[in-house]
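The values are calculated or read from the model by the stated rules, or taken from the named source; none is laboratory data. This is a predicted model, so every value here is computed, not measured. Neighbour counts are summed over all protein chains in view; Cβ atoms, including those assigned to glycine, are modelled from backbone coordinates with ideal geometry.
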Amino acid sequence: MQAEKQDILNRLAQAVINMDITRANEAAAEVIRCKIDPYEAIMDGLAKGMDKVNELFENEEYFVPEILLCADAMYAGIEVLRPYLPKEGTWNKKKVVIGVVKGDTHDIGKNLVKIMLDNAGFEMHDLGRNVPYAKFIDTAGELKADLVCLSTLMTTTMDGMQVIIEDLKKAGITSRVMVGGGPISPGFAKNIGADGYAKNAAEAVRVAKSLFQDVHLPLTFKTPEFVSVRKNHGGVR
Amino acid sequence: MTYKDEMTPKERMQAILQGKAVDRLLVSPLILNFASRSLNMTVREFCTSGKNMGNANIACFKQYRHDIVYIFSTTSTLAEAMGTKMHFPEDDAPQVETPFIQTREDLKKLKPVNPEKDGRLPVYLDAVKRCVDVIGKEVFIVPVIGAPFTTSAALRGTETFIKELYTDPELVHTLMKVTTQSVKNLIDAYVKAGGVPVTVEPVATGSMISEKHFREFVLPYLKEVYSHIHSYNLPGVLHICGKTKRVIQCMAESGADILSIDNIDLLEAKELVGGKVCLMGNVSPADGMLKGNPEIITTMVKECIAKASDNHRGYIVATGCEVPIKTPNENMVAFLEAGRQFARLPISLN
C-alpha cells in the first residue's frame, strides 16, 4: 500500500516534469481511487515535480516553453483533485498581487513568476497585463496584500513601478514590493524603493520568501476561498 | 571637446565592408522610435505615416550623424501585415492586440505578404524611400524586419506558439515557412527601395527557448533569410536581445555576418564567436541611456570598446537594444561623442 502510494506520488511528479497532462490526469485519478490524501498528492507529487522543474530552469535545462507545459500538467492534476480536497481550512497564506504595469502587454515573465510563487505556497492574485497603477493600489488595499509584484519588459513603462510604489505609500499600504523584467536592474529596483528584485522566476521564489523570513505572522485559521497549489506555512517553509 | 569625423557614415561603412582603412569603428546606437523625438512627434504619429517616419529619421540623422539610420517601430510589423491586430498607444511602440492565427483552421487564410499593399509595410517603404532620397548619399538606410520566429510568434500569440514547439511542431513549421517567404518578399521590396534590410529575432532569445529548439525551429529559416540577403551582396545582420549566451553559437551559424547582442558579456561573446562574426553592442538601454548620465554612458562605451574593439571579425559600438524614447538628449550626445573619441583607430582609451 505504502509502495503503491509512493509510486503514485512519483508518477504525479514525473508527469509534471515530463509536461504530460494525460499522465497527470491519470495519476490524479489513481490518487482518488486509492484514497490517498489529495493534499499530500499535491504537495508530495505535483508540487514536488514543479520544484524539480524550477531547478531545471535555474540550471538552464528547461526554458519558457517547458515551464508553461509543466505548469499545464500540474494544474490539470490539481483540477482532478480539487473536488476531493477537505473543506476544513488551511494556514493563512501570504497574499500576493501580481501584474504587468500599464503600457506593457508582455506577460510571459509575469506568468512564470506567478506559477512559481503559487507553487511555493503564496496565494496569487493576478491582475493580468497592462494594469492601471490604481488597480494595484486598490487591490493591494482591499486584500491587505503582503506582497505586490510588478513586471515590465519595456523601458517605456518601467517608471510606472516607481509611481505605484509611491502611491502605495501614500495610501498607507504596507505591502512589500518586488519588481522584475527585462530592463530592470537591482540598482533601479533599489532607487525606486522596491523591497526586492528578482532576475527570473526561480529567483523570485527565493526573494519573496526572504522578504518574510523575519516576520512572525499570526497563523490565522480560516476557510480558504480557493485552494492553490500547496498547503501553506505562511509563505515560508 | 568635439571629435570631428573624417568620413561620412556611408563611406565608413563601405570601407569597412571592403576591408579598407577607416577613421574609426562604426558607432550605431539602436535609434528606432527615438527618432520621433527629433520632430517632437508622438510614436503613433511617427509610425503610422511614411512621411513622418521618413522626415523624423532625416531630422534625427542631421541632429546626431549616427552611422546607421534604422527604420523601425515594432518587431511585429510583418505579422501585422499578415493579419495580426495591433494596438497603437499614443506615445509608445505598437503592441500585439489579437494574434491572427486563433485556430488551426486560420492557417488556411495565411499567405506571404505583398509589401506594397499589406498593413503598414507601405509606410515603412515610403519612409525608406524618403530617407534614401534626402540622406542616402551620406548614410545607409536600414529597415528592420521581424525575422521568421518572431513574426510567427506574433501571428500565433507568443505563449501559445512556444508551447507548440512541443505540442504541434507541424504547425510551427507551417507558420515558419510562410513567414520566411514574407521576410524574403519584404527584403526584395526594401532593397528595391534602396534600403539595406536587417533582421531581429528577439523571441528566439536564450531567455526564452533552448539551443535545441533554436536549432530545430529557428536556425534553418534564418539560414534561408541570410542566403537571400547575400544574393544581393549585402551583409546579414541578426539582432537578438535578452540573454544570448546559450544560443550565440547558433546565431553565428545562421550565415549572419554581424550579431547585435544585448545581455551577454562582450568578452565572452568574442571568445565564443568572434572568429566568425562581427559583434555589435551592448551599452545598457535602461541603466545607461535612459537612467544613466553622460559620465556613466561614457564609461560604458569605453568598456565595450575595451572588450570588443579587437574582435577578429570587427566590432560596432551600439546599444544592446532599442534606445528608449525618453532617453535625454545629453545622454545620446554623450554616447556618440564617446564613440567618436574612443572608437578612433588605432584604439586608445586614455
Next item on the list: Would you check which residues across the stretch B:84-140 are surrounded by 15 or more Cβ atoms within 10 Å (Cβ to Cβ) and in contact with a His (Cβ under 6 Å, 6 or more places away or on another chain) and list them?
Entry: B:Gln95
Next item on the list: Quickly run through the stretch B:305-325 and pick out the residues that are farther than 23 Å from A:Thr157 by Cβ, touching a strand residue (DSSP E or B) at 6+ places or on another chain (Cβ under 6 Å) and not small (Gly, Ala, Ser).
Entry: B:Asn311, B:Arg313, B:Tyr315, B:Ile316, B:Val317
Check: Any idea which of (1) in contact with an Asp or Glu (Cβ under 6 Å, 6 or more places away or on another chain); (2) within 14 Å of another protein chain (Cβ to nearest Cβ); (3) surrounded by 20 or more Cβ atoms within 10 Å (Cβ to Cβ); (4) not β-branched (Val, Ile, Thr) is the one B:Arg246 doesn't satisfy?
Finding: (3)
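Only one of A:Ala140, A:Ala134, A:Ala71 is in a helix (DSSP H, G or I), within 11 Å of chain B (Cβ to nearest Cβ) and of a type outside the set (Phe, Trp, Tyr); which?
The match here is A:Ala71.
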Notebook entry, point to check: In the stretch A:179-190, what residues are farther than 15 Å from A:Leu153 by Cα and either touching a Gly at 6+ places or on another chain (Cβ under 8 Å) or at the interface with chain B (Cβ under 8 Å from one of its Cβ atoms) (or both)?
Noted result: A:Gly187
Note to self: Go through the stretch B:310-331 and report how many residues are under 23 Å from B:Val69 (Cβ atoms), surrounded by fewer than 23 Cβ atoms within 10 Å (Cβ to Cβ) and away from chain A (no Cβ under 14 Å).
What the structure shows: 3
Check: Can you name the residue in the stretch A:195-209 that is of a type in the set (Gly, Ala, Ser) and not in a helix (DSSP H, G or I) and, of all such residues, is surrounded by the most Cβ atoms within 10 Å (Cβ to Cβ)?
Finding: A:Ala198
Item checked: Candidates A:Ala24, A:Ala28, A:Ala41, filtered to the one that is buried (at least 22 other Cβ atoms within 10 Å of the Cβ) and either within 26 Å of B:His213 (Cα to Cα) or not assigned by TED's automatic domain parsing to the domain that holds A:Glu79 (or both) -> A:Ala24
Item checked: Which numbered condition A:Leu56 misses (of (1) among the aliphatic types (A, V, I, L, M); (2) in contact (Cβ under 8 Å) with a residue 40 or more places away in the chain; (3) surrounded by fewer than 20 Cβ atoms within 10 Å (Cβ to Cβ)) -> (2)
Next item on the list: Give the residues of the stretch B:310-336 that are part of a helix (DSSP H, G or I) and within 28 Å of B:Asp257 (Cβ to Cβ), sorted by residue number.
Entry: B:Met332, B:Phe335, B:Leu336
Notebook entry, point to check: For the subset of the stretch B:57-103 comprising residues that are more than 17 Å from B:Gly136 (Cβ to Cβ) and in a strand (DSSP E or B), which member is nearest to the other protein chains (Cβ to nearest Cβ)?
Noted result: B:Gln95
Margin query: Checking A:Lys93 against (1) assigned to a strand (DSSP E or B); (2) in contact (Cβ under 8 Å) with a residue 40 or more places away in the chain, only one condition comes out false. Which one?
Written below: (1)
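Considering each of A:Asp104, A:Asp118 in turn, give the residue that is closer than 28 Å to A:Val16 by Cβ and either within 14 Å of chain B (Cβ to nearest Cβ) or of a type outside the set (Ser, Thr, Tyr) (or both). Don't jump to the end; show me each part of the working.
Numbers: A:Asp104 fails: closer than 28 Å to A:Val16 by Cβ.
Going through A:Asp104, A:Asp118 in turn, just one is closer than 28 Å to A:Val16 by Cβ and either within 14 Å of chain B (Cβ to nearest Cβ) or of a type outside the set (Ser, Thr, Tyr) (or both): A:Asp118.
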Notebook entry, point to check: Which pairs do you get when a residue that is without any contact (Cβ under 8 Å) to a residue 60 or more places away in the chain, found in the stretch B:48-60, comes within reach of a residue that is among the hydroxyl-bearing types (Ser, Thr, Tyr) and outside any loop (DSSP other than H, G, I, E, B), reach meaning Cβ atoms under 7 angstrom, with the pair 6+ apart or on two chains?
Noted result: B:Ala56/B:Ser36; B:Ala56/B:Ser38; B:Ala59/B:Ser38; B:Cys60/B:Ser38
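Pick from the stretch B:263-289 the residues that are more than 21 Å from B:Ile325 (Cα to Cα) and in contact with a Lys or Arg (Cβ under 6 Å, 6 or more places away or on another chain): which of them is nearest to the other protein chains (Cβ to nearest Cβ)?
B:Ile264
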Check: If B:Cys47 satisfies every condition in (1) closer than 23 Å to A:Met158 by Cβ; (2) among the hydrophobic types (A, V, I, L, M, F, W, C); (3) out of contact with any Pro (no Cβ under 9 Å at 6 or more places or on another chain) but one, which is the exception?
Finding: (3)
Notebook entry, point to check: Residues of the stretch B:145-173 being outside any helix (DSSP H, G or I) and away from every other protein chain (no Cβ under 12 Å), which ones?
Noted result: B:Ile145, B:Gly146, B:Ala147
